[in-house]
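What follows is one structure encoded as structure tokens, with my remarks underneath.
The values are calculated or read from the model by the stated rules, or taken from the named source; none is laboratory data. The structure presented is a predicted model; accordingly, all values stated were derived computationally and were not measured. Cβ coordinates were reconstructed from backbone atoms using ideal geometry, including for glycine residues, and neighbour counts include every protein chain displayed.
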Amino acid sequence: MESVGGRILIVDDDRNMCEMLELDLRRRGYAPQWFNNPIEAQECLNTTNFDVILTDIKMPQMNGLQFCQQITEQRPDIPVVVFTAFGSMETAVAAIRAGAYDFVMKPIELDLLALQLERALKHRTLQERIKLLSEEVERSKYTDLLVGESPAMWELYNRLERLKSSETSLLLHGESGTGKELVAHVLHHQSSRSNEPFVPVNCGALPENLLESELFGHVKGAFTGAEKRHKGLFERAHKGTLFLDEIGEMPLGLQVRLLRVIEAGSVRPVGGEEEISFDVRIIAATHKDLELAVEEGTFREDLFFRLNVIQLDIPPLRFRENDILILAQHFLQKFAASTKRDVQQLSKPVIEKLLAYPWPGNVRELRNAMEHAVVLTRHQTIVMTDLPKKIQNYKRLGLPLTPYQENSQAPLVSLDEMEKQYILHVLEKVGGSKTVASKVLGVDRKTLYRKLQKYLD
């Protein structure tokens, strides 16, 4: 019989049985290792990988069923085949219930054992393939969420990987359109809460009274128009993730109550008297510099520290030059498929324009530009006239970054434009760090932040 090979762990207190099995399995092309003591076998499993475990049920050192259960709990990926006395079907059934893959009646028929080993090995191979497929499916969930191969994105991927098993609060910081909510979705889906609700709210999109009711809920009759009880987002996100987008826009008065609710782990609906407990992971996001907002008194310091246990910076698209064309092609294919248009590629002038444009709206703006182009184009190739006018008409100034000289071919521009170009240039060179950039430029971070808001709005 042709052997499939593999490492086999044999556990039996009968030394003669172990030696006989070792000899036969080696002849068939397997790599067996045996122990008379199940405790020693368990220690070996901590350092050595096996493909199948063969074990006796009745051993003096440990109850056989208990041993089988411990093995399957310790290494559920390794199929266990147990030996049981002829006619002891109850023991065999109990072993299967304890997690064993199969059983063999004693006295052992070696050819029959070899067939069972082959099935067990194929079972393990199948389980490994299923696991790999599951991991691939899990990764594919995010292919439309996070796309990019730039160093900035790989740094983000690495941070996300390290946060897989974390339940801590997070603050996502990034410009508008960088994909903060998409990152929050990824953090939720890779957590233990992935099968529970992901509940987002934009804190800057609602007036204070409506935001309070939306977050905390209200009871019937709490205010005019409150005709029935309304569950707040903390209740709706129970066991899941609550995403507080644009947290920097939340009014100060509401920040006080939010902090109390988070720290108490319970919420009292507007107009209600009873506290309702919740179990929610908080992920907040902002495009603002919250440290600066704390200094200016527009954001509470205690709430900032409560939310900012870990901060993730989402890089703007202008710092991800390698990703611009990857994203553009990704969106082209996506919208071509959804609109059933035969659009396949970008023309060379379009490629050059996309790379030159600064993308103040980041990935969202690029996505919208490609949807615009796919819908309007009459060709298989996107051409310049398919792009939005703002992008078509953009011209890179190419300002010199050395003192102006008589023979310079650079265009004459205003001091404001020169300052803008140089500040963005410095930010790019320091990897987007506003703290480092402010030191290079010789201005405080507050001044730099205000200038950037003016340039990028």
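Of all the residues that make up the range 89-103, how many are over 37 Å from the mean Cα position of the chain (by Cα) and either assigned to a helix (DSSP H, G or I) or in contact (Cβ under 8 Å) with a residue 24 or more places away in the chain (or both)? Quick ask: steps written out before the conclusion?
Going residue by residue through the range 89-103, those that are over 37 Å from the mean Cα position of the chain (by Cα) are 89-95, 102-103.
From what is left, the residues that are either assigned to a helix (DSSP H, G or I) or in contact (Cβ under 8 Å) with a residue 24 or more places away in the chain (or both) are 89-95.
Matching residues across the range 89-103 total 7.
So which residues in the range 175-202 are more than 15 Å from the chain's Cα centre (by Cα) and at positive phi? Walk me through how you get there before you give the answer.
Within the range 175-202, the subset more than 15 Å from the chain's Cα centre (by Cα) is 175-178, 196-197, 199-202.
Answer for the range 175-202, where residues must be more than 15 Å from the chain's Cα centre (by Cα) and at positive phi: just GLY177.
Tell me whether the range 359-366 contains one or more residues that are among the small types (Gly, Ala, Ser), part of a helix (DSSP H, G or I), at negative phi and within 32 Å of the chain's Cα centre (by Cα). Working first, answer last.
Of the range 359-366, the ones among the small types (Gly, Ala, Ser) are 361.
Keeping just the survivors that are part of a helix (DSSP H, G or I) gives none.
The answer is no, given that none of the residues of the range 359-366 is among the small types (Gly, Ala, Ser), part of a helix (DSSP H, G or I), at negative phi and within 32 Å of the chain's Cα centre (by Cα).
If GLN380 passes every condition in (1) more than 32 Å from the chain's Cα centre (by Cα); (2) within 22 Å of LEU452 (Cβ to Cβ) but one, which one does it miss?
Here GLN380 meets the rest and fails (2).
Restricting to the range 43-71, name every residue that is in a loop (DSSP other than H, G, I, E, B) and in contact with a helix residue (DSSP H, G or I) (Cβ under 7 Å, 6 or more places away or on another chain). Step through it out loud before you land on a result.
Within the range 43-71, the first condition is being in a loop (DSSP other than H, G, I, E, B), and the residues that meet it are 46-51, 57, 60-61.
ASP51, ILE57, GLN61, listed by residue number.
What about PHE83, is it touching a residue at least 40 places away in the same chain (Cβ under 8 Å), more than 16 Å from ARG7 (Cβ to Cβ), in contact with a Pro (Cβ under 8 Å, 6 or more places away or on another chain) and hydrophobic (A, V, I, L, M, F, W, C)?
Details: touching a residue at least 40 places away in the same chain (Cβ under 8 Å): yes; more than 16 Å from ARG7 (Cβ to Cβ): yes; in contact with a Pro (Cβ under 8 Å, 6 or more places away or on another chain): no; hydrophobic (A, V, I, L, M, F, W, C): yes.
It is false that PHE83 is touching a residue at least 40 places away in the same chain (Cβ under 8 Å), more than 16 Å from ARG7 (Cβ to Cβ), in contact with a Pro (Cβ under 8 Å, 6 or more places away or on another chain) and hydrophobic (A, V, I, L, M, F, W, C).
From ILE276, ILE282, which residue is within 22 Å of ASN209 (Cα to Cα), within 24 Å of the chain's Cα centre (by Cα) and buried (at least 16 other Cβ atoms within 10 Å of the Cβ)?
Numbers: ILE276 fails: within 24 Å of the chain's Cα centre (by Cα).
Going through ILE276, ILE282 in turn, just one is within 22 Å of ASN209 (Cα to Cα), within 24 Å of the chain's Cα centre (by Cα) and buried (at least 16 other Cβ atoms within 10 Å of the Cβ): ILE282.
For the range 344-362, give me each residue that is buried (at least 19 other Cβ atoms within 10 Å of the Cβ) and touching a Ser or Thr at 6+ places or on another chain (Cβ under 6 Å).
ASN362
The conditions are (1) modelled with pLDDT under 85; (2) within 22 Å of ARG306 (Cβ to Cβ); (3) among the small types (Gly, Ala, Ser), and SER134 fails exactly one of them. Which is it?
Among (1) modelled with pLDDT under 85; (2) within 22 Å of ARG306 (Cβ to Cβ); (3) among the small types (Gly, Ala, Ser), the lone unmet condition for SER134 is (2).
List the helices (runs of 4 or more DSSP H) that sit entirely inside the range 204-289 and contain at least 1 residues that are without any contact (Cβ under 8 Å) to a residue 40 or more places away in the chain and among the polar types (S, T, N, Q). Break it down into steps so the answer makes sense when it comes.
On the way: elements: 208-216, 233-236, 252-264.
Per the criteria, 208-216.
Could you list, in sequence order, the residues of the range 342-397 that are under 26 Å from GLU428 (Cα atoms) and among the polar types (S, T, N, Q)?
ASN362, ASN368, GLN392, ASN393
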